[in-house]
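Here's the structure, in structure tokens; my notes come after.
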Amino acid sequence: MTVTKQDLVDFVYAEARMLDERRFEEWLTLFAEDGIYWMPLHHDEPNPKLVTTLFHEDLLLLKTRVLRLMGERTFSQQPASRCHHLLQAPMVDRFDPDAGEFSTWASFLYTETRADEKLFYTGWVMHDLVLIGGELRIKQKKVQLIDCDAPHRNLQLFM
Amino acid sequence: MTYADPSDLVRGGEVHRDLFVDQKLFDQEMSNLFANCWVYVGHESQVPKRGDYYATTIGSQPVIMVRQKDGTVKVIYNRCPHRGVQLVNEGHGSVGPMFRCPYHAWTFNTDGSLFGVPVKDGYKESGFSESCASHGIEGVATHVYRQFVFARLAREGIGFEEFFGESLTTIDNMVDRSPEGRLEVAGAPLRYMHYCNWKMLVDNQTDTFHPMIAHESSAGTVRKIWEESGAQGPKPMVVEVVLPFTAKHEFYVEMGIRTWPNGHGHTGTKYSIHSDYTLPKEYTDAMEAAYGAERAEAILQEARHNTVYFPNMTMKGAIQTLRLFKPLGPDRTLVESWVFRLAGAPDELLERSALYNRLINSPTSIVGHDDLEMYERAQQGLKVSATPWVNYQREFHPGERYDSTQLWSGQSEVQMRNQYDAWVKFMKPAVSGEEVQA
């Protein structure tokens, strides 16, 4: 597959739509086997392993979350949460087809609702993408919230 | 202003619902309970140098923990005695040699005493020296125990050693787990907003009957995925941390509970969900070098589950986490979850503590989601006035006493009863109570 910059942008949009449409199991397939979903608790977070983070999750944990969302006794999902991603056009920060490595950056507004509660989050999402078997996969998705260190309510879905 | 005799609201293993929903009673907790008790403020490592401060709250009261010229740490109120402006905003910083109010430039030494008022002539015949403001910033009784800073707002009251007694052994164990006998706060705390009463969170720390039920969706799913993968080889850190939450009732019964006077207590007297963590050899070697083999083993075998430091702090010595339940209103609680680094220990231990904090205590935590759902449903359910009493009678025996150290079976609700016994005791009016009104 020859990757174009537009392919990267399309990937980021398609991923957000997948989450909005609650196609979570399909979403998991977008990650490389060693892919990470990271949401820092700090601005300029140093080593995410040596401080607390909001998310720093591998596929095992992401799979756990997705399975749990569907569970019969997942009381915090009765009723279920809904989410909405509003993305600014992603910018391509790194485009290296020879190495098969790409990075994008996008500004977002995210809304998560459950019953009568509506939560708004604002931040930037940075995708590190790689080519695996000719397909783009997520090596790391980093979500930097503008108020990462604020007191948050339950955040149950994915930004 | 007194709502009722607090002792009318706690009886034989039952607690009145007003403790969770009533605004006047909450105000009375702020003016009395949170003034009479020694409340956790912060950790010395947050203010390493002279003039370094950490601004926070004790109950409803804004306070500052600040490092003094002589190296000690003191707690003072965060209020300029002039017109009430907070001298610093919440969080960390440094004031250098003195506080300077940003409104009219009154200055104060770091112990709160008044240093200077600009253009003092304006107060020449005002009777200023008799004023409240002339005293400077009010200080608070402060006690530092092995780097942990506590304060008591009431001018008179129970002493630190008498209040905590043998419960300090949990802090000892956490600090002793450092080969250098020293801890450092590692990074910012998680801050998690709960729409429920602060006491529900404290109750839940020693509620060993809920993990296998309320956390079936989170910990149960980890177990399922691990077993479906064949459960081969060394357990990933995540599995090692979460799997014990699915343990059966017998595990928790056998684990045991210890209560101490004044509302303190802990689960896990014999072992706990933290007992079977893998420890790197580099660390056990460092511990043996520091303490000798026998003592090092004793320190590491003491793996208490949750220790409640009444009223609103809990600690896990075995994993170096601390949680503070900050009351904001009868139905509002800010939960802060902190992680500590053991000085002289390899990073792998801090990595597990940070991972534990994120997996269990975070607003993104699936375990946290399970718990918060229960608290908030309870906060709503307790609106039912037709059923005024909340039940805590599991393994209760009338005449039960809490005035000495005692051991109990691990699924008893005895530690919660111990807390409510202390709640009645410390709800009496505080000395100088009117000065710490909510």
message: Being exposed (fewer than 15 other Cβ atoms within 10 Å of the Cβ), of a type in the set (Asp, Glu) and out of contact with any Ser or Thr (no Cβ under 6 Å at 6 or more places or on another chain) is the requirement here; does A:GLU21 meet it?
response: yes
message: Taking the criterion of being under 30 Å from B:SER31 (Cβ atoms) and open to solvent by 30 Å² or more (accessible area, probe 1.4 Å), would at least one residue in segment B:307-328 satisfy it?
response: yes
A:LEU136 being closer than 19 Å to A:MET18 by Cα, in a strand (DSSP E or B) and in contact with a helix residue (DSSP H, G or I) (Cβ under 8 Å, 6 or more places away or on another chain): yes
message: Based on this model, can you work out whether B:THR364 counts as within 13 Å of chain A (Cβ to nearest Cβ) and either among the hydroxyl-bearing types (Ser, Thr, Tyr) or open to solvent by 60 Å² or more (accessible area, probe 1.4 Å) (or both)?
response: yes
- prompt: B:SER404 fails exactly one of the following numbered conditions: (1) open to solvent by 10 Å² or more (accessible area, probe 1.4 Å); (2) in contact with a Pro (Cβ under 8 Å, 6 or more places away or on another chain); (3) not in a loop (DSSP other than H, G, I, E, B); (4) not acidic (Asp, Glu). What is the number of that condition?
  reply: (3)
query: If you go through segment A:139-148 one residue at a time, do you hit one that is part of a loop (DSSP other than H, G, I, E, B), within 20 Å of A:HIS43 (Cβ to Cβ), within 14 Å of chain B (Cβ to nearest Cβ) and charged (D, E, K, R)?
result: yes
- prompt: How many of the residues making up segment B:345-371 are over 22 Å from B:GLY220 (Cα atoms), not in a helix (DSSP H, G or I) and not hydrophobic (A, V, I, L, M, F, W, C)?
  reply: 1
task: Considering every residue within segment A:46-57, establish whether at least one is surrounded by fewer than 19 Cβ atoms within 10 Å (Cβ to Cβ) and part of a helix (DSSP H, G or I).
output: no
message: Where the second residue is modelled with pLDDT of 95 or more and part of a loop (DSSP other than H, G, I, E, B) and the first is within 13 Å of B:VAL41 (Cβ to Cβ) and lies in segment B:130-142, which pairs have Cβ atoms under 7 Å and are six or more apart or on separate chains?
response: B:GLY139/B:ASP111; B:GLY139/B:GLY112; B:VAL140/B:LEU153
Helices (runs of 4 or more DSSP H) wholly inside segment B:138-242 containing at least 1 residues that are open to solvent by 10 Å² or more (accessible area, probe 1.4 Å) and within 14 Å of chain A (Cβ to nearest Cβ): B:211-214, B:219-228, B:237-242
query: Pick from segment A:1-37 the residues that are assigned to a helix (DSSP H, G or I) and of a type in the set (Val, Ile, Thr): which of them is nearest to the chain's Cα centre (by Cα)?
result: A:VAL12
statement: Picked from segment A:71-101 (must be of a type in the set (A, V, I, L, M, F, W, C) and without any contact (Cβ under 8 Å) to a residue 24 or more places away in the chain), the residue surrounded by the most Cβ atoms within 10 Å (Cβ to Cβ) is A:PHE75
Contacts under 6 angstrom Cβ, first residue in segment B:81-107 being in contact (Cβ under 8 Å) with a residue 12 or more places away in the chain, partner among the charged types (D, E, K, R), 6 or more apart: B:SER94/B:ASP52
- prompt: Are there any pairs with C-beta distances below 7 angstrom linking a residue in segment A:30-54 that is at the interface with chain B (Cβ under 7 Å from one of its Cβ atoms) to a residue that is open to solvent by 40 Å² or more (accessible area, probe 1.4 Å), with the two at least 6 apart or on different chains, and if so which?
  reply: A:LEU41/A:ASP149; A:HIS42/A:ASP149; A:LYS49/B:GLU351; A:LEU50/B:ASP347; A:LEU50/B:GLU351
The lone exception for B:GLU125 - which of (1) open to solvent by 40 Å² or more (accessible area, probe 1.4 Å); (2) at pLDDT 95 or above; (3) assigned to a loop (DSSP other than H, G, I, E, B) it fails: (2)
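The values are calculated or read from the model by the stated rules, or taken from the named source; none is laboratory data. Computed from a prediction, not measured in an experiment: that's the story for all the values here. Virtual Cβ from ideal backbone geometry, glycine too; neighbours counted across all protein chains shown. Quick note on the areas: whole protein, heavy atoms, side chains included, nothing else; ligands and nucleic acids left out. Shrake-Rupley method; radii C 1.70, N 1.55, O 1.52, S 1.80 Å.
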